[in-house]
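> Below you'll find the structure I mean.
The values are calculated or read from the model by the stated rules, or taken from the named source; none is laboratory data. Please read all numbers here as calculations on a predicted model, not as lab measurements. Quick reminder, even Gly has a Cβ in these numbers, built from the backbone with ideal geometry, and neighbours come from all protein chains shown. With ligands, DNA and RNA removed, areas are computed over all heavy atoms of the protein, side chains included. Shrake-Rupley method; radii C 1.70, N 1.55, O 1.52, S 1.80 Å.
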Amino acid sequence: MSETHVTVTQRSHRARLALVAALALAIAAAAIWAVFGGPIGILLLIAPVPWMFAIGARRGVALAISAPLLLSWWLLAAVLAATAATGVPMLAAVITLWAIIGLGGAAACVSRVDVVRLPSAASLVAWLPSLLGAVIWLGTVVASHVVPGASRIGWVMGGDSANNILFAREVVYRGGIVFGPEENPVPLTSVLMGVSIASGRDGVAPQQLLEHDLSAFAGLWALLVALICVLAGTVAASIVRSLTLRPLTIGIVAAGASCLPLTWFVSGYPIEFGFFNTMVALVVVLAAFLCFLSYRTGPALVLAVQAFAATLLLAVWSPLVLLPAALGLVVVAFSWRGLLSVRRLGLWVLLFAFAQMLAFGIAVVLPSVLALGDFLTAQGGAHGFRKVMLPFFGLAAAVLAIIALRGHRSSALAGTLAFVAASGAGLGILLFISRNEPSPWTYYPLKFAWLASVVLIVILAGLLPALVVRVLRSHTAQNLGVAAAMVVTVCAVIVMPAVAFGLDTRAPAARIIDGDYLGEGDVVAEQVVALADPEQSHILWDSGEHYEPAVNFWLMTMWADSMNENFDLRSAAYGLEGTEDLAVLCRNIELMGGGTIVHSRVPGLQQQLDEACPGTGAEVVDAQAAAG
């Protein structure tokens, strides 16, 4: 062996050790920061990274990203169920366990440091561009804290966001999640939010709790959108990689697809309606599909991960469970001989994966479906997208997959066809359940069609350039064609809602910087935060504030401070727009326990309240003077 070879090997060995040591230090720093009130999301995000390196050495990028992510989320939910049942402090348990997971993974890498692969220049060119969308998005969110007039927290205050905050607070108050017929049957969203708002909460003054919770919520939502960007880029790039190994071609696809979540159709719509759970669901579905693409390298592990993904979807948005189920069936159909030969630890892991899925489905989900089955036919609030949207994307994906990937040993072909079939079956089931409604296209079918369409668009972002690669022969022509295909795909997703549905398609990043969500900038959000005092109730009444209904909705909902109690108050919060009935104001003051400070510009309102609802102790202050 030459001296030069020994020197290169030694350098490579030291570089691997330095990488693992850097990861260990980062994990330790994140854990210490979380102990002292820092955002725990950073620890949750980086603790699985050493295991990604360990898995990636044997199984590839797709499985290395998806498996640790999904398993860590499942473990987080299990830990919070255990802390609620045992009384162990929730935050301390999560910080300790994730520090152990991260540092344990680093130790495992050190013990087998030679199998830790440092990314080559070609790998960086191929996979690093999948971070493009995340960098743009996170840069926008950071900039919103310094750009005058930008929306720092107001962008996460739309639609269902107030209820999301209350569900998260229930997790904090209970020290975890509780299962039962009267409990939240889809707790994964609350798990992630509850842990996020719990971090640093003990040192916050009561009057600043809502601002703390909204800031943590905005940070978590931002991280999930960034994660979806990375997953979208990696999924599309992995599909193209089944036809070409050229790094530049793969990198172009990864960069373009990673920008798809920055569009209104993918992330702007849920931000507008407060559909935070859909962000969680998209992470799980995209990670499950990405994991499936590696099933030939480890069918038992991929099948087990699909079972865990199914449980996560049952815990966030149950109708989507058919998607990983279909992918799991494909794994069984194509790898059943290998699965039958699984022994020892692999067999136990596989059995446990299916046991926990069945246990959660039977013990938690099924009773909730039986008790709350009518909810599946609820009208709700969702955009009425065209009924042909999902069939169009499904047919396009199936045709493109067959044309572009036929003759290749590509798992993407089987995965795409299975996903299309499961999407059609899921939509059909939901429409059948709603068949007796005036229109079967109720809330759940509409939302399911949109979610499945988002994932199919990501898949199409991989299939379209794959077709280009198959048709064109010249490397230069392929790269130019792939770049053009990605530009067309992103532009189509940007303009489609405006052309097909007549909707405002401004990108959420642009709206955040412009402060165009709840009023101008964070003026309305800051008013809500200032008045949301848990020790003193406030309400606006004919105050001259354009966003008075929104302010009152948040003030009343936050005063309720529970999803299990004060139902009348939370219900009343939805009915204030356009009413000037003094009896309504009196009832709301009574529901808030009396002693409410009423911000109004109505002359003589104090006397009117004293006569209409004496004994409530309401105090009227001038709205303009209070604002000043």
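> Go through (1) more than 24 Å from the chain's Cα centre (by Cα); (2) among the aromatic types (Phe, Trp, Tyr); (3) open to solvent by less than 40 Å² (accessible area, probe 1.4 Å) and name the single condition PHE289 misses.
It fails just one condition, (1).
> Right, THR297: hydroxyl-bearing (Ser, Thr, Tyr), part of a helix (DSSP H, G or I) and farther than 21 Å from LEU451 by Cβ or not?
In short, no.
> Here is a further query. Report, ordered by the first and then the second residue, all pairs with beta carbons closer than 8 Å, sequence separation of six or more or different chains, a first member in region 510-538 that is aliphatic (A, V, I, L, M), and a second member that is modelled with pLDDT of 90 or more and in a strand (DSSP E or B).
Qualifying pairs under 8 Å: LEU531/HIS538; LEU531/HIS599; ALA532/HIS538.
> I'd like the full set of residues that are open to solvent by less than 40 Å² (accessible area, probe 1.4 Å), closer than 18 Å to GLY274 by Cα and in contact with a strand residue (DSSP E or B) (Cβ under 6 Å, 6 or more places away or on another chain), limited to region 512-559.
Within region 512-559, VAL551, ASN552, LEU555 qualify.
> Further question on the same structure: When you scan region 1-39, how many residues do you find that are part of a helix (DSSP H, G or I), modelled with pLDDT of 85 or more and open to solvent by 70 Å² or more (accessible area, probe 1.4 Å)?
Here the count works out to 4.
> A follow-up question, please. What number of residues within region 145-162 satisfy the criterion of being crowded, with 24+ Cβ neighbours inside 10 Å and touching a Lys or Arg at 6+ places or on another chain (Cβ under 8 Å)?
Count: 2.
> If a residue must be open to solvent by 70 Å² or more (accessible area, probe 1.4 Å) and among the hydrophobic types (A, V, I, L, M, F, W, C), how many such residues does region 313-368 contain?
The number of residues fulfilling the criteria is 13.
> So which helices (runs of 4 or more DSSP H) are wholly in region 132-244 and hold at least 1 residues that are at pLDDT 95 or above, within 30 Å of LEU463 (Cβ to Cβ) and β-branched (Val, Ile, Thr)?
Those helices (runs of 4 or more DSSP H) span 132-143, 209-241.
> Hey, among the residues in region 491-509 that are small (Gly, Ala, Ser) and free of Cβ contacts under 8 Å to residues at least 60 places away in the same chain, which one's most open to solvent (accessible area, probe 1.4 Å)?
Within region 491-509, the match that is most open to solvent (accessible area, probe 1.4 Å) is GLY502.
> Let me ask you something else. Could you please find all residues in region 456-490 being more than 23 Å from GLY133 (Cβ to Cβ), in a helix (DSSP H, G or I) and open to solvent by 40 Å² or more (accessible area, probe 1.4 Å)?
Selection gives ARG470, VAL471, HIS475, THR476.
> Across region 397-442, what is the total count of residues that are buried (at least 18 other Cβ atoms within 10 Å of the Cβ) and either of a type in the set (Lys, Arg) or touching a strand residue (DSSP E or B) at 6+ places or on another chain (Cβ under 8 Å) (or both)?
Qualifying residue count for the region: 0.
> Can you name every residue in region 117-143 that is in contact with a Gly (Cβ under 9 Å, 6 or more places away or on another chain), among the hydrophobic types (A, V, I, L, M, F, W, C) and open to solvent by less than 60 Å² (accessible area, probe 1.4 Å)?
ALA126, TRP127, ALA134, VAL141
> List every residue pair whose Cβ atoms sit under 9 Å apart, with the two residues 6 or more apart in sequence or on different chains, where the first one lies in region 468-479 and is closer than 18 Å to ALA401 by Cβ and the second, anywhere, is assigned to a loop (DSSP other than H, G, I, E, B) and open to solvent by less than 30 Å² (accessible area, probe 1.4 Å).
Pairs found: VAL469/THR244.
> So, in region 115-131, how many residues would count as being modelled with pLDDT of 95 or more and among the aliphatic types (A, V, I, L, M)?
Of the residues in that region, 1 qualify.
> Consider region 523-578. How many of its residues are hydrophobic (A, V, I, L, M, F, W, C) and more than 23 Å from PHE217 (Cα to Cα)? Break it down into steps so the answer makes sense when it comes.
Here is the first cut: in region 523-578, the ones hydrophobic (A, V, I, L, M, F, W, C) are 523-525, 528-532, 539-541, 550-551, 553-556, 558-560, 563, 567, 569, 572-573, 576.
Applying the additional criterion that residues be more than 23 Å from PHE217 (Cα to Cα) yields 539-541, 567, 569, 572, 576.
Matching residues across region 523-578 total 7.
> Still on this model: Which of the following residues is in contact with a Ser or Thr (Cβ under 7 Å, 6 or more places away or on another chain) and modelled with pLDDT under 95: PRO438, PRO445?
One residue alone meets the criteria, PRO445.
> Looking only at region 505-550, which residues are touching a Phe, Trp or Tyr at 6+ places or on another chain (Cβ under 7 Å) and charged (D, E, K, R)?
ARG506, ARG511
Here's the yes/no breakdown for (1) under 22 Å from the mean Cα position of the chain (by Cα); (2) closer than 27 Å to MET279 by Cα; (3) not in a helix (DSSP H, G or I):
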{"position": "LEU303", "(1), (2), (3)": "no, yes, no"}
{"position": "ALA325", "(1), (2), (3)": "yes, yes, no"}
{"position": "GLY346", "(1), (2), (3)": "no, no, no"}
{"position": "ILE362", "(1), (2), (3)": "no, yes, no"}
{"position": "PRO367", "(1), (2), (3)": "no, yes, no"}
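> Assuming VAL349 fulfils every condition listed in (1) farther than 14 Å from LEU71 by Cα; (2) in contact with a helix residue (DSSP H, G or I) (Cβ under 8 Å, 6 or more places away or on another chain) apart from one, which condition is it?
(1)
> Before we move on, is LEU44 part of a helix (DSSP H, G or I), buried (at least 18 other Cβ atoms within 10 Å of the Cβ), modelled with pLDDT of 90 or more and not assigned by the TED database to the domain that holds LEU223?
yes
> Could you grab me the full set of residues in region 231-246 that are surrounded by fewer than 23 Cβ atoms within 10 Å (Cβ to Cβ) and not hydroxyl-bearing (Ser, Thr, Tyr)? Steps first, please.
If we filter region 231-246 for residues that are surrounded by fewer than 23 Cβ atoms within 10 Å (Cβ to Cβ), which is where we start, we get 242-246.
Passing the criteria: LEU243, LEU245, ARG246.
> Another one. Would you say THR249 is open to solvent by less than 10 Å² (accessible area, probe 1.4 Å), assigned to a helix (DSSP H, G or I) and under 30 Å from ALA382 (Cα atoms)?
No: the conditions fail for THR249.
Residues checked against (1) at pLDDT below 85; (2) within 25 Å of GLY180 (Cα to Cα):
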{"site": "VAL332", "(1), (2)": "no, no"}
{"site": "GLN356", "(1), (2)": "no, yes"}
{"site": "PHE375", "(1), (2)": "yes, yes"}
{"site": "GLY380", "(1), (2)": "yes, yes"}
{"site": "LEU395", "(1), (2)": "no, no"}
{"site": "ILE403", "(1), (2)": "no, no"}
{"site": "ILE433", "(1), (2)": "no, yes"}
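> Does region 264-272 contain at least one residue that is within 26 Å of ASN184 (Cβ to Cβ), more than 14 Å from the chain's Cα centre (by Cα) and assigned to a helix (DSSP H, G or I)?
yes
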